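One structure is given here, and the rest of the page talks about it.
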Amino acid sequence: MISCRDVWKLYGQEPAKFLKRHNGHPTIQAVKDAGYIPAVVAATLNVAPGEILVLMGLSGSGKSTLVRCLSRLIEPTAGSVQFGGIDLLAASNKELINIRRHRMGMVFQHFALFPNRTVAENIVFPLEVQGVDSNTRRARAEEIISLVGLEGRGEYYPRELSGGQQQRVGIGRSLAVEPDVWFLDEPFSALDPLIRREMQDEFLRLQSVLHKTIVFITHDFSEAIRLADRIAILFEGQIVQIGRAEELITDPATDYVRAFTKEVQRDKILTVSSIMGKLAEADPNGASVRREDILSDVAAAVLRSQTSLVVRDNSGTAIGSLDRDSLIQAVWGPDKAGPNTADADADADAN
């Protein structure tokens, strides 16, 4: 659905000429020495239809700038962006406006609701801009209000809603045009933890119904793990690693990525398949676990066992093994001291 190749966004005087002088691939040091700010650096990624891709990184890492380049709210300095087979950078202003109005939905951290319009009026405002008739708008408002869980509040004004309810209005407004792609820029970061969790649940419920292609920005790795099919981590404008949460945890590409995943509860995320050993190390007739099992679900059995457990796939075929040492190493990490065997046994018995 979205494909970007070698996208750059540099701030400074005549950045396109600078890139051309360096054949499109200057070093970061050369960029900085020339006085440019590298907001996005040679970004390349694909977003598949129906996928949730989460962009994350520290403040200033280029997350929001990259999303604005993907939607062409910001003009990239160089590169290509394909949107549903359309060359977005070659699109005219008229074509771009049409794409944004009909095929893109956007939700930002600040709700930006119209205070003098009701919930229903806020939600269907994009349709009003398109010139859609009032009866169709009214019907669509009722449909969206039900979808985002705001039944009975269509005639309320934003000031009469809680923060979570206001964010639901913003989400509803972004869905009014039935977009192909949904861009969300830290939409829940201004909410308190409890409401934030509820909105994440609501987001996942909506996605299970709508199956949208989504690019979601956050700086919270726990939120990324809950929501993402894949995660792209940015550092100083560069995408330093893309993969499933499990891949980022077990095989971080850089110390920066490792720092993001350091405090994660690995046993709640990693599956048996990510740490299993060779089948020859286990008795094929012994106790077994499934390759897709989460480590926390099998930890007690593994820690109690004096031998390696067999790992089986969905068909029941033995494909590998899992022992206590591998489990302890994976959960407590290579740079942390795991519990000793006696403690592990005690914990297992307690469970």
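The values are calculated or read from the model by the stated rules, or taken from the named source; none is laboratory data. Just so it is clear, the model here is predicted, and its values are computed rather than measured. Here the Cβ positions follow ideal geometry from the backbone for every residue, glycine too, while neighbour counts run over all protein chains shown.
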Looking at (1) of a type in the set (A, V, I, L, M); (2) part of a strand (DSSP E or B); (3) crowded, with 21+ Cβ neighbours inside 10 Å; (4) within 27 Å of the chain's Cα centre (by Cα), which one does residue 311 not meet, given that it meets all the others?
(4)
The range 135-172, subset more than 22 Å from the chain's Cα centre (by Cα), in a helix (DSSP H, G or I) and of a type in the set (D, E, K, R), residue surrounded by the fewest Cβ atoms within 10 Å (Cβ to Cβ):
159
Single match in 52, 28, 86, 37 (criterion: within 23 Å of residue 176 (Cα to Cα), over 23 Å from the mean Cα position of the chain (by Cα) and in contact (Cβ under 8 Å) with a residue 12 or more places away in the chain)
86
How many residues of the range 7-54 are among the charged types (D, E, K, R) and closer than 14 Å to residue 75 by Cα? The answer is 2
Do we have any residue at all in the range 212-225 that's within 30 Å of residue 141 (Cβ to Cβ), outside any strand (DSSP E or B) and within 12 Å of the chain's Cα centre (by Cα)?
yes
Pick out the one residue from 309, 295, 303 that is at pLDDT 85 or above, within 30 Å of residue 232 (Cβ to Cβ) and of a type outside the set (Val, Ile, Thr).
295
Tell me, please, whether a residue that is crowded, with 22+ Cβ neighbours inside 10 Å and either modelled with pLDDT of 90 or more or on the phi < 0 side of the Ramachandran plot (or both) can be found in the range 189-200.
no
Boolean, residue 76 is over 27 Å from residue 200 (Cβ atoms) and either at pLDDT 90 or above or within 23 Å of the chain's Cα centre (by Cα) (or both)
yes
Selected residue [closer than 14 Å to residue 215 by Cα, touching a Pro at 6+ places or on another chain (Cβ under 6 Å) and either at pLDDT 90 or above or assigned by TED's automatic domain parsing to the domain that holds residue 161 (or both)] from 50, 105
105
